[in-house]
Amino acid sequence: MPFLIDANNLMHALASAGVLVGREGLAKLLAPLVLKDRVHVVFDGARPPLHVAQQIDACGVQSTFCPAGPADAMIIKAIAADSAPRRLTVVSSDHEIRAAAHHRRCISVTSEAFAATLAHSRTPAAGQEDEPQEKTKGLTESQTRAWLKEFGFDDDD
């Protein structure tokens, strides 16, 4: 099921959920969806610098930039042009976009609901922390003594 995403709207919803991402970070969050189907994000504003655009493209996420104004009109045109709108999932909280999606019988998801799903999916499962335990909880006393001894700071002298 292809996705059409109001990118800036979703990034704002993610920020409200405590997940701060830029354009390339959003593409990385969406990359697992690309394995299943097409993901098209539409951004407000001009195309980013080349290295950022390359990072977005490397994730397999199709991106469109709207330098002349908000992405809303472009998204509504994409909804109208879709050949299989009942398969299309539109992600936006914009009322006009959601009305266009409803009119074409697309699946419509608010950015807040989609952001909650993305935020939940990026949370490591129990026992699969991103950082080693020593980094968040510190070394044990015996580990600390061993390192102090290794660097010549032992009290045994």
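Odds and ends about this structure:
- Lone unmet requirement of (1) over 18 Å from Glu112 (Cα atoms); (2) open to solvent by 50 Å² or more (accessible area, probe 1.4 Å); (3) at pLDDT 90 or above for Leu50: (3)
- For the residues Leu4, Leu26, the requirement of being at pLDDT 95 or above and surrounded by 15 or more Cβ atoms within 10 Å (Cβ to Cβ) singles out Leu4.
- Residues in the stretch 104-130 that are under 30 Å from Val91 (Cβ atoms), open to solvent by 70 Å² or more (accessible area, probe 1.4 Å) and either modelled with pLDDT under 60 or touching a helix residue (DSSP H, G or I) at 6+ places or on another chain (Cβ under 6 Å) (or both): Arg105, Glu112, Thr123, Ala126, Gln128, Glu129, Asp130.
- Restricting Leu14, Leu35, Leu20 to residues that are open to solvent by less than 80 Å² (accessible area, probe 1.4 Å) and not aromatic (Phe, Trp, Tyr) narrows the list to Leu14.
To keep it simple, each residue is scored yes or no on (1) under 14 Å from Thr89 (Cα atoms); (2) under 13 Å from the mean Cα position of the chain (by Cα).
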{"residue": "Leu4", "(1), (2)": "yes, no"}
{"residue": "Val19", "(1), (2)": "no, yes"}
{"residue": "Leu26", "(1), (2)": "no, yes"}
{"residue": "Pro32", "(1), (2)": "no, yes"}
{"residue": "Leu35", "(1), (2)": "no, no"}
{"residue": "Arg47", "(1), (2)": "no, no"}
{"residue": "Thr64", "(1), (2)": "no, no"}
{"residue": "Pro67", "(1), (2)": "no, no"}
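- Complete set of residues in the stretch 53-62 that are over 20 Å from Asp94 (Cβ atoms), open to solvent by 60 Å² or more (accessible area, probe 1.4 Å) and out of contact with any Asp or Glu (no Cβ under 7 Å at 6 or more places or on another chain): Gln54, Asp57, Ala58
The values are calculated or read from the model by the stated rules, or taken from the named source; none is laboratory data. Just so it is clear, the structure is predicted and the values come from calculations on it, not from any experiment. Glycine gets a Cβ as well: all are built from the backbone with ideal geometry, and neighbour counts include every protein chain shown. The protein model used for the area step is the full one, side chains on, heavy atoms only, and it has no ligands, DNA or RNA in it. Shrake-Rupley method; radii C 1.70, N 1.55, O 1.52, S 1.80 Å.
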